[in-house]
Amino acid sequence: MTLLTVISTLLWWVLYSSMAALVFALIGWSVLRWTERCAVVFNRIYLACLLWTMIGLLLVVGVAAHEGHLHPPYGALLSSGLLRWMLVLDMLIGAVLLWRLVPRIDAHRIRPGSACMAVAAIMAISFGVATSLA
């Protein structure tokens with residue numbers, strides 16, 4: 001690969017990650033405000049979701065490349081056992097990132113259960129969208 005190809009790939013990876021992270025942060029912010037019964041810091045939710053999305057894209061693309069499903073249709077990829085394990089790992093990473101990086105407005109850390117609830121809501125919505133597109 002040439003240097004230009006690598007730079008272009010990295011730019012698109014960051015761009016797509018940031019677009020998805022914004023949607024995930026809006027969902028996570030709503031869920032965390034509801035579960036914590038207190039305001040939470042949105043920009044920290046966005047940071048956690050951005051890191052989580054970038055890691056998640058690497059995991060999914062890695063599984064797709066490993067199994068040879070880089071082109072549509074993605075139905076076979078969605079039924080892959082390895083992808084399911086990577087999604088579980090992805091959810092654990094997301095819960096840890098939200099729990100460690102997101103403070104409430106009163107400077108206390110959010111509860112781990114609230115982070116898990118936010119990750120579950122984000123994954124349920126995103127998996128529903130992904131399966132409807134596949």
>> For the range 105-122, give me each residue that is surrounded by 14 or more Cβ atoms within 10 Å (Cβ to Cβ), touching a helix residue (DSSP H, G or I) at 6+ places or on another chain (Cβ under 6 Å) and not polar (S, T, N, Q).
In response: ILE110, ALA115, CYS116, MET117, ALA118, VAL119, ALA121, ILE122
> From the set of residues in the range 1-27 that are more than 19 Å from the chain's Cα centre (by Cα) and hydrophobic (A, V, I, L, M, F, W, C), which is most open to solvent (accessible area, probe 1.4 Å)?
Replying inline: MET1
>> Just to be sure I understand, how many residues within the range 67-88 are assigned to a helix (DSSP H, G or I) and touching a Leu at 6+ places or on another chain (Cβ under 7 Å)?
In response: 4
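Inspect the range 88-111 for any residue being closer than 20 Å to PHE24 by Cα, of a type in the set (A, V, I, L, M, F, W, C) and at pLDDT below 90 and give the result as yes or no. First the steps, then the outcome.
Of all residues in the range 88-111, those closer than 20 Å to PHE24 by Cα come to 88-105, 109-111.
Then keep just the ones that are of a type in the set (A, V, I, L, M, F, W, C); that gives 88-89, 91-93, 95-99, 101-102, 105, 110.
With the extra rule that they be at pLDDT below 90, the set shrinks to 105.
Scanning the range 88-111, I find at least one residue that is closer than 20 Å to PHE24 by Cα, of a type in the set (A, V, I, L, M, F, W, C) and at pLDDT below 90, so the answer is yes.
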> Out of all the residues in the range 53-71, is one or more surrounded by 17 or more Cβ atoms within 10 Å (Cβ to Cβ) and in contact (Cβ under 8 Å) with a residue 60 or more places away in the chain?
Replying inline: no
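The values are calculated or read from the model by the stated rules, or taken from the named source; none is laboratory data. Predicted, not measured: the structure shown is a model, and the values here were computed from it. For neighbour counting, all protein chains shown are included, and Cβ atoms are generated from backbone atoms with ideal geometry for every residue, glycine included. When the accessible area is computed, the model is the full protein with side chains, heavy atoms only, and any ligands, DNA or RNA have been set aside. Shrake-Rupley method; radii C 1.70, N 1.55, O 1.52, S 1.80 Å.
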